[in-house]
Amino acid sequence: MRTENKIKVILFFLLCSCNLVASTQNKKDSVTDITPSITLSYLSSNDTIILTANIFDRKEQGTFAIKNAVIDFSASGDKETKFLGQAIADDEGNAILKVGSANGLPKDKDGKTTYSAKFAGKGKFMPAAESFSAKAGRIIVNFSKQDSLSFIIVTATQIDSKGTIIPIQKQKAIVYVPRLFNLLKIGETELDETGTGKVEYPGKLVGDSLGNITVIARIEENDLFGNLQGRSSISWGIPKQYYLAEKPTRELWTPIAPIWMIITLVIMLTGVWAHYIYAVVQLVKIKQLSKKNQNNQL
Amino acid sequence: MSVEDTNDNKKNSRRQFLKNGLIAGAGVVAGGSLLASYVDKSVPASGEKVKVLTTEGELVEVDKAQIHSPRVSIKESHNGIPGRKFVMVIDLAKCKNARKCVESCQKGHHLPKSQEFMKVYLLQDSEKSAPYWFPKPCFHCDNPLCVSVCPVGATFKRSDGIVLIDNERCIGCKFCMTGCPYSTRVFAWKDYPEFAEDKEPYSPEASSPGKEGTVAKCDFCPDLVRIGKLPYCAQNCPMGVIYFGDIDEDTVTNGSETLRFSELIRDRSGYRYLEVLGTRPSVYYLPPVERQFPVERGFNDLEESVKNRFKTTPYGKTHKL
Amino acid sequence: MENKDTKEKLLREFAPQLEKTSSATLIWILFLLGVIGWGVYAFITQVTQGHIVTGMRDNVVWGIYIVNFIFFMGMSYAGAIVSGTLHLFRTEWRKPIIRMAEYLAIISLLIGPGYILLCIGRLDRLYYLALFGRIQSPITWDVIAISTDIFGCLIFLYLSILRDIASLRDFSELKIPAWRKKIYSVLALGYTGTPEQEQRLRRATDIMATMVIAIAIIVYSVLAWIFSVTLQPGWHSTIFGPYFVIAAVYSGTAVLIIAMWVFRKVYHLELHITRKHFVAMGVVMVVLAALFGYFTFSDYLTKWYGSEKNDESLIKILFTEYYWPFIFSNYIGVLIPLLVVGIPKLRTITNISLSAIVVIVALWFNRYLIVIPTLESPYLPIQDSRPEWANYSGTWVEFALMAAGVALFCLLYTLASKFVPVMNVSEMSETPKTESPQIFKAEESLL
């Protein structure tokens, strides 16, 4: 290696170490270890379980999401623990994992499964974990018409320790329709002994362009079931009207001008410029006349 | 791994969100149709797929590169989000001039302090009537005079009702600023250093990075809407003053509360500001009845320069601000 | 028919204007160039540092620039309308002053649009106006109208100097460099004054005089509509079109009187431009003063009487913060010419010229009061703790560019008078028509 190159290499390392020192000095955070917190939310929807872990660091200045943190999800019962999968936290610290079905997951003696989200820790970020226990359940949404009234029928069931399907009783179920940003609540009902509740369909709800509307029934924040939901669609919605026709209109504010405006402009411009041309033609004629005169004189 | 600063209030409202049993806020995308429209075809696919959750509890897979840059190209920004018509409802009864809407908007759009897309006024309709705080975004009028008067088509109205500005087209004649009767538009009088903070490519949907000598204004944050998030102001209002949604879907939400637009307007006597001008705004106000805060609360924790704004108002004069 | 002897005599008289430049004139030109240089420096400052160097801010987005734009455009239209009308009516006393009106039309028309360019944030994108022009925008109307007007005025000016250029070409005693003779010879288009040439020239001039009047009215109305199509209280007025046209001709007439006074002094034209001409122009100015006063009164009366909330607050600002400019522009600016020309004893050349100066300043403030107080009183009250954002005041950059515009106007006027005499030699050498039309009888009896 030539001396020149050696110097370059040395310089490079010097610069790198300087940068490192500078960056550690700049970042106060890196001086102390960070102990993140995790919140875990659980949603069981039509036999699919969605686990969302949010990882963040709470400081005096506010909370900071921890981006790109790798979260391990697992499910455990009395005896065994099953690894479910891994997800990476996004910009807002959310790591989302979808689990196919609760069937086959380990359970405890009450039939509950404990889901946990673990962050193994990395560098200055300390490990963190959070868990949540829920029992598998199911909500079915049906529709019925009685006389002139329309009803949404919510039926919730669970599987007992013997493996038979039994109703979820005496729970509050909330009925929603999904909207652009959030769910719009349209009613709630108390489930009876048969696990069934009834909500009157409020009407005047906008569905998709064909009038199909999706209805979601949920048992929320439940100690036993977590968030349990079922969904179903029906053609009771008002077909969605699109605001603007696809074909372009001629308004003052649209890209193309109203016809009367174009006509007025064309008439005025033609009128004026025709006269200009007439005047210029006269000048050309004057010039031609002078040539003629010169020729005559010659 | 990196630490991302997120607003405290946002985090609080997110907590609220979880309590309500609705699934986590981030990456929540509404409906497949919206999702398809926000996937930017101009961004090359990275091949790496990420999962995105919809409000309906469905997971959809999208390309990571495409989700990271929800900014669409200038050409594409002329097309509205299909099948949508956006509306905002501002509940004057709940506003206490916390100015989180202004601050989060400025941060999100990389604006200097002197440019406010959202302004909070202290209005008093007449001498004996009560003063109230009045947050004012762009009204995204259905008969927008600013768009009519633009000589080069730099400002345009889309099928989803949003009025945007293309600052690559704008010549800076400021005619739209005089055309707007609501003093909504701002001008970049110089090259503000904040503009350079934004390293992403310019898109009219993001109104960022700004450009010297051009006009800018509130854009209803279609770049956020495309990924299922509320505009900065609605997301960050600690009082839930600002509701946003699709008027054709008859639903508005402030993040924690989702309501039927028609019922909200009916029950709370919603109105549009200066209806007499015939501009047909897309922003509705709920009158400041049964207020949650006295108007004085709005002067708490204000910066001196902001507080001084209200010195010359009738209220400021009588109360010796 | 032209009288050859009279023409020779006149040409001999005016020849020194074209032949020599006195040292005083040279100093004058250098001074003007200095002022223009200051303006160029101000312009460079604005381009490099951004519009922040002006007094304009988000509320008052248009300032002195747009006031000057209205002002110069107004002078141009006045020049066009006065010269066009005087030509069409073959008014006898027009002959010594019509050339000045034509110069006024074209020179201020070349300067005026410059001011609207100064308001534009991104001059590098100016060509977008042509590339992406939307015809719904009054700015586009203005671009089309002003360019049409520039062509019209150039053609009209050319038609009316053609005969003089031909005379200068044929005037052998003129001691000027050969290249200038060459220019005259090319520009004269071989015009020798044959009956057919004369007839064609007259026909073209008559057509263009009509066109120039019509376009001036349209263009200035378009300019007014830039303001009145908006919803701003104070601008959103149906009267603005005609009001602006009248104000334009009024201010332009005053400028023309000043030009007459200056050229009379500088070129010693006392024989040609007499008190008769000043009084005639004074009468025109008085008629316009009355019309202007009437329009102003109508505009503010309706705003004040109806007293819509925002109109009321505008009127309040005008009568408090802008009290003296308002009184000056809308009362004194109307009453002074009425008194000076109305009272026979006061009707002297100096008095009429002085009242013309008052009118010019008053009308400049009139435009200022139309633009700035309106922008300072929008529908939503301005709530800003920064005084420069709430209230407008021009900065040195804007005043430098204003001065530069005035200097450029004077410079171009000076140079134009060095190229072709400031008087229409050919028309002045024509023997007067036997009968002037009946309507001018009354007018001439006034003189």
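The values are calculated or read from the model by the stated rules, or taken from the named source; none is laboratory data. Since we're looking at a predicted model, the values are computed, not measured. Ideal geometry is used to build each Cβ from the backbone, glycine not excepted, and the neighbour counts take in all protein chains shown.
Check whether at least one residue in segment A:212-220 is part of a loop (DSSP other than H, G, I, E, B), among the hydrophobic types (A, V, I, L, M, F, W, C) and without any contact (Cβ under 8 Å) to a residue 40 or more places away in the chain, and report yes or no. Break it down stepwise before answering.
Initially, segment A:212-220 is screened for residues part of a loop (DSSP other than H, G, I, E, B), giving A:212.
Subset that is among the hydrophobic types (A, V, I, L, M, F, W, C): none.
Among the residues of segment A:212-220, not one is part of a loop (DSSP other than H, G, I, E, B), among the hydrophobic types (A, V, I, L, M, F, W, C) and without any contact (Cβ under 8 Å) to a residue 40 or more places away in the chain, which makes the answer no.
Would you point out the residue of segment B:235-252, among those that are in a loop (DSSP other than H, G, I, E, B) and either surrounded by fewer than 24 Cβ atoms within 10 Å (Cβ to Cβ) or of a type in the set (K, R) (or both), that is farthest from the other protein chains (Cβ to nearest Cβ)? Show your work before the answer.
Start the filter on segment B:235-252 by keeping residues that are in a loop (DSSP other than H, G, I, E, B), which leaves B:237-241, B:250.
Among the residues that remain, those that are also either surrounded by fewer than 24 Cβ atoms within 10 Å (Cβ to Cβ) or of a type in the set (K, R) (or both) are: B:238-240, B:250.
Details: B:P238: 13, B:M239: 18, B:G240: 12, B:D250: 5 Å.
The extreme case among them is B:M239.
If you check B:T184, B:T178, B:T155, which single one turns out to be under 22 Å from B:L277 (Cα atoms) and out of contact with any strand residue (DSSP E or B) (no Cβ under 9 Å at 6 or more places or on another chain)?
Values: B:T184 fails: out of contact with any strand residue (DSSP E or B) (no Cβ under 9 Å at 6 or more places or on another chain); B:T155 fails: out of contact with any strand residue (DSSP E or B) (no Cβ under 9 Å at 6 or more places or on another chain).
None of the other options fit; the residue is B:T178.
For residues that are more than 17 Å from B:E205 (Cβ to Cβ) and more than 7 Å from chain C (Cβ to nearest Cβ), tally how many sit in segment B:153-184.
Going through segment B:153-184 one residue at a time, the tally reaches 3.
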- Task: Return the residue satisfying two criteria in turn: it lies in segment A:53-84 and is more than 23 Å from the chain's Cα centre (by Cα) and among the aliphatic types (A, V, I, L, M), and of such residues it is farthest from the other protein chains (Cβ to nearest Cβ).
- Result: A:A75
- Going by the structure shown, is C:W304 more than 16 Å from C:T253 (Cβ to Cβ) and either of a type outside the set (A, V, I, L, M) or assigned to a helix (DSSP H, G or I) (or both)? yes
- Query: Which of the residues spanning segment A:213-254 are more than 12 Å from chain B (Cβ to nearest Cβ), surrounded by fewer than 17 Cβ atoms within 10 Å (Cβ to Cβ) and at pLDDT 90 or above?
  - Reply: A:S235
- All positions within segment B:134-164 that are surrounded by fewer than 24 Cβ atoms within 10 Å (Cβ to Cβ), hydrophobic (A, V, I, L, M, F, W, C) and not in a loop (DSSP other than H, G, I, E, B): B:F134, B:L145, B:F156
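Has segment B:229-244 got any residue that is at pLDDT below 90 and either touching an Asp or Glu at 6+ places or on another chain (Cβ under 7 Å) or in the same structural domain as B:K100 (by TED's automatic domain parsing) (or both)? Reasoning before the result, please.
To start, the set of residues in segment B:229-244 that are at pLDDT below 90 comprises B:229.
Next, from what is left, pick out any that are either touching an Asp or Glu at 6+ places or on another chain (Cβ under 7 Å) or in the same structural domain as B:K100 (by TED's automatic domain parsing) (or both): B:229.
So far as segment B:229-244 goes, yes, one or more of its residues are at pLDDT below 90 and either touching an Asp or Glu at 6+ places or on another chain (Cβ under 7 Å) or in the same structural domain as B:K100 (by TED's automatic domain parsing) (or both).
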- Message: Among the residues that make up segment A:166-173, is at least one of them under 30 Å from B:Q235 (Cβ atoms), modelled with pLDDT of 85 or more and not assigned by TED's automatic domain parsing to the domain that holds A:V199?
- Response: no
- Query: So B:A196 fits all but one of (1) within 14 Å of another protein chain (Cβ to nearest Cβ); (2) free of Cβ contacts under 8 Å to residues at least 24 places away in the same chain; what number is the exception?
  - Reply: (1)
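Would you mention how many residues in segment C:127-152 are in a helix (DSSP H, G or I) and touching a Lys or Arg at 6+ places or on another chain (Cβ under 8 Å)?
Taking segment C:127-152 and keeping what is in a helix (DSSP H, G or I), we get C:128-131, C:138-152.
When the remaining residues are screened for being touching a Lys or Arg at 6+ places or on another chain (Cβ under 8 Å), the result is C:128, C:140.
Of the residues in segment C:127-152, 2 are in a helix (DSSP H, G or I) and touching a Lys or Arg at 6+ places or on another chain (Cβ under 8 Å).
Test B:Y284 against the criterion of being in a strand (DSSP E or B) and more than 11 Å from chain A (Cβ to nearest Cβ), and give yes or no. Give the derivation first.
Values: in a strand (DSSP E or B): yes; more than 11 Å from chain A (Cβ to nearest Cβ): yes.
Criteria met by B:Y284.
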- Task: Pairs only if they're at least six apart or on different chains, beta carbon under 6 angstrom, first in segment B:286-310 and under 17 Å from B:V241 (Cβ atoms), second polar (S, T, N, Q) and modelled with pLDDT of 90 or more; list them, first residue then second.
- Result: B:P287/B:S269; B:G298/B:N97
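Just to be sure, is B:L230 closer than 18 Å to B:S104 by Cα and part of a loop (DSSP other than H, G, I, E, B)?
Working: closer than 18 Å to B:S104 by Cα: yes; part of a loop (DSSP other than H, G, I, E, B): yes.
For B:L230, the condition - closer than 18 Å to B:S104 by Cα and part of a loop (DSSP other than H, G, I, E, B) - is met.
Give the residue, chosen from B:R260, B:R266, that is closer than 30 Å to A:P239 by Cα and in contact with a Ser or Thr (Cβ under 7 Å, 6 or more places away or on another chain). Even if it seems obvious, please write down each step before you answer.
Values: B:R266 fails: in contact with a Ser or Thr (Cβ under 7 Å, 6 or more places away or on another chain).
That would be B:R260, the only listed residue that is closer than 30 Å to A:P239 by Cα and in contact with a Ser or Thr (Cβ under 7 Å, 6 or more places away or on another chain).
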- Query: Does segment C:238-255 include one or more residues that are within 14 Å of chain B (Cβ to nearest Cβ) and within 21 Å of C:A289 (Cβ to Cβ)?
  - Reply: yes
- Task: Among the residues of segment A:163-211, write down those that are assigned to a loop (DSSP other than H, G, I, E, B), of a type in the set (A, V, I, L, M, F, W, C) and over 25 Å from the mean Cα position of the chain (by Cα).
- Result: A:I168, A:L191
- Looking at segment B:291-321, which of its residues are away from chain C (no Cβ under 13 Å), part of a loop (DSSP other than H, G, I, E, B) and surrounded by fewer than 16 Cβ atoms within 10 Å (Cβ to Cβ)? B:Q292, B:P294, B:N300, B:D301, B:H319, B:K320
- Going through (1) part of a loop (DSSP other than H, G, I, E, B); (2) under 17 Å from the mean Cα position of the chain (by Cα); (3) more than 9 Å from every other protein chain (Cβ to nearest Cβ) one by one, B:Q115 fails only at (3)
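Quick one: is B:S126 within 11 Å of chain C (Cβ to nearest Cβ), under 20 Å from the mean Cα position of the chain (by Cα), in a loop (DSSP other than H, G, I, E, B) and closer than 26 Å to C:P381 by Cα? Even if it seems obvious, please write down each step before you answer.
Details: within 11 Å of chain C (Cβ to nearest Cβ): yes; under 20 Å from the mean Cα position of the chain (by Cα): no; in a loop (DSSP other than H, G, I, E, B): yes; closer than 26 Å to C:P381 by Cα: yes.
No: the conditions fail for B:S126.
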- Item | Subset of segment C:89-120 that is over 14 Å from the mean Cα position of the chain (by Cα), modelled with pLDDT under 90 and in a helix (DSSP H, G or I) - its residue that is surrounded by the fewest Cβ atoms within 10 Å (Cβ to Cβ) | C:E92
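Check B:Q115, B:Q66 and return the single one that is within 25 Å of B:E197 (Cα to Cα), at pLDDT below 95 and in contact with a strand residue (DSSP E or B) (Cβ under 7 Å, 6 or more places away or on another chain). Write out each step before concluding.
Details: B:Q66 fails: in contact with a strand residue (DSSP E or B) (Cβ under 7 Å, 6 or more places away or on another chain).
Exactly one of B:Q115, B:Q66 is within 25 Å of B:E197 (Cα to Cα), at pLDDT below 95 and in contact with a strand residue (DSSP E or B) (Cβ under 7 Å, 6 or more places away or on another chain), namely B:Q115.
Counting only residues that are in contact with an Asp or Glu (Cβ under 7 Å, 6 or more places away or on another chain), farther than 17 Å from A:D47 by Cβ and small (G, A, S), how many does segment A:94-108 have? If you could, list the steps in order and put the result at the bottom.
Taking segment A:94-108 and keeping what is in contact with an Asp or Glu (Cβ under 7 Å, 6 or more places away or on another chain), we get A:101, A:106, A:108.
The next check asks that each one be farther than 17 Å from A:D47 by Cβ; those that pass are A:106, A:108.
From the residues that got through so far, the ones that are small (G, A, S) too are none.
Number satisfying all stated conditions: 0.
Here's the yes/no breakdown for (1) over 21 Å from B:T251 (Cα atoms); (2) touching a helix residue (DSSP H, G or I) at 6+ places or on another chain (Cβ under 8 Å); (3) buried (at least 24 other Cβ atoms within 10 Å of the Cβ):
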position	(1), (2), (3)
B:A188	yes, yes, yes
B:P193	yes, no, no
B:A196	yes, no, no
B:E200	yes, no, no
B:K211	yes, yes, no
B:C218	yes, yes, yes
B:C233	no, yes, yes
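How many residues does segment A:165-185 contain that are within 12 Å of another protein chain (Cβ to nearest Cβ) and surrounded by fewer than 20 Cβ atoms within 10 Å (Cβ to Cβ)?
Counting residues in segment A:165-185 that are within 12 Å of another protein chain (Cβ to nearest Cβ) and surrounded by fewer than 20 Cβ atoms within 10 Å (Cβ to Cβ) gives 2.
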- Query: Among C:D149, C:D142, which is the only one that is modelled with pLDDT under 95, crowded, with 19+ Cβ neighbours inside 10 Å and within 10 Å of chain B (Cβ to nearest Cβ)?
  - Reply: C:D142
- Query: Of (1) within 20 Å of the chain's Cα centre (by Cα); (2) touching a residue at least 60 places away in the same chain (Cβ under 8 Å); (3) in a loop (DSSP other than H, G, I, E, B), A:N227 satisfies all except one. Which?
  - Reply: (3)
